[in-house]
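Accompanying notes for the structure given below.
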Amino acid sequence: MCIFTGMKTRAATDDPIDEMKRCVCFDLRRTTRAITQMYDRALKAHGIRATQMPILVGSRGAEPVLLGRLAKALGMERTTLLRNVRPLVRRGLVEQSTETGSPRTTLRTTPAGRALLKRAYPDWKKVQTRALDLMGRTEWSRSLTALGEVSRGTGRR
């Protein structure tokens, strides 16, 4: 199926550029946008976006988490993470601090942020179940394993 026209494509083609219509990167990005929109709609009533949920979850521990460590765990650039953290800090959902005598920034979900996570959980769970049902739980599990290998640079070549 051609992503640009919605029409079926032949498996083989004489034009190598036609092969670019089946780009893994584009298809993954398009799918990710669609899934993100599903989660955003489910979380909208709670005033957070799908991109902010992993930050709240990742910084909710008893101890503050280093910004760089959380960025790495989330597969984000530090600057992208900071841009997503700022609205959470302004709303009092995350505390951002710098250790005394250190340039290292830490994050911690506040009690208000933890309460928001608890309130949002039922809506998140509904969309999570729907997404898994749409993708097929077994297929998603296999895909997640393969995608994890790619993101760690250990995928089969």
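The values are calculated or read from the model by the stated rules, or taken from the named source; none is laboratory data. Predicted model only: the values in this text are computed from it and were never measured. Note: ideal-geometry Cβ built from the backbone for every residue, glycine included; neighbour counts use all protein chains shown. In case anyone asks, the SASA skips ligands and DNA or RNA and just uses the protein heavy atoms, side chains included. Shrake-Rupley method; radii C 1.70, N 1.55, O 1.52, S 1.80 Å.
Identify all residues within the range 94-107 that are surrounded by fewer than 11 Cβ atoms within 10 Å (Cβ to Cβ) and either modelled with pLDDT of 80 or more or of a type in the set (K, R) (or both); write none if there are none.
Result: P103, single match.
Can you say whether D40 is part of a helix (DSSP H, G or I) and more than 23 Å from K126 (Cβ to Cβ), as far as the supplied structure shows? I'd like the intermediate steps shown before the answer.
Values: part of a helix (DSSP H, G or I): yes; more than 23 Å from K126 (Cβ to Cβ): no.
When the stated conditions are applied, D40 does not pass them.
Against the conditions (1) over 24 Å from T32 (Cα atoms); (2) open to solvent by 20 Å² or more (accessible area, probe 1.4 Å); (3) hydroxyl-bearing (S, T, Y), T110 satisfies every one except (2). Name the single residue that is surrounded by the fewest Cβ atoms within 10 Å (Cβ to Cβ) among those in the range 64-93 being assigned to a loop (DSSP other than H, G, I, E, B) and without any contact (Cβ under 8 Å) to a residue 12 or more places away in the chain. The residue in question is E77.
Evaluate the range 127-144: report whether one residue or more is at pLDDT below 90, of a type outside the set (D, E, K, R), exposed (fewer than 12 other Cβ atoms within 10 Å of the Cβ) and in a strand (DSSP E or B). Taking every residue of the range 127-144 in turn, none turns out to be at pLDDT below 90, of a type outside the set (D, E, K, R), exposed (fewer than 12 other Cβ atoms within 10 Å of the Cβ) and in a strand (DSSP E or B).
Would you check if there is a residue in the range 125-137 being β-branched (V, I, T) and touching a residue at least 24 places away in the same chain (Cβ under 8 Å)? Yes: the range 125-137 contains one or more residues that are β-branched (V, I, T) and touching a residue at least 24 places away in the same chain (Cβ under 8 Å).
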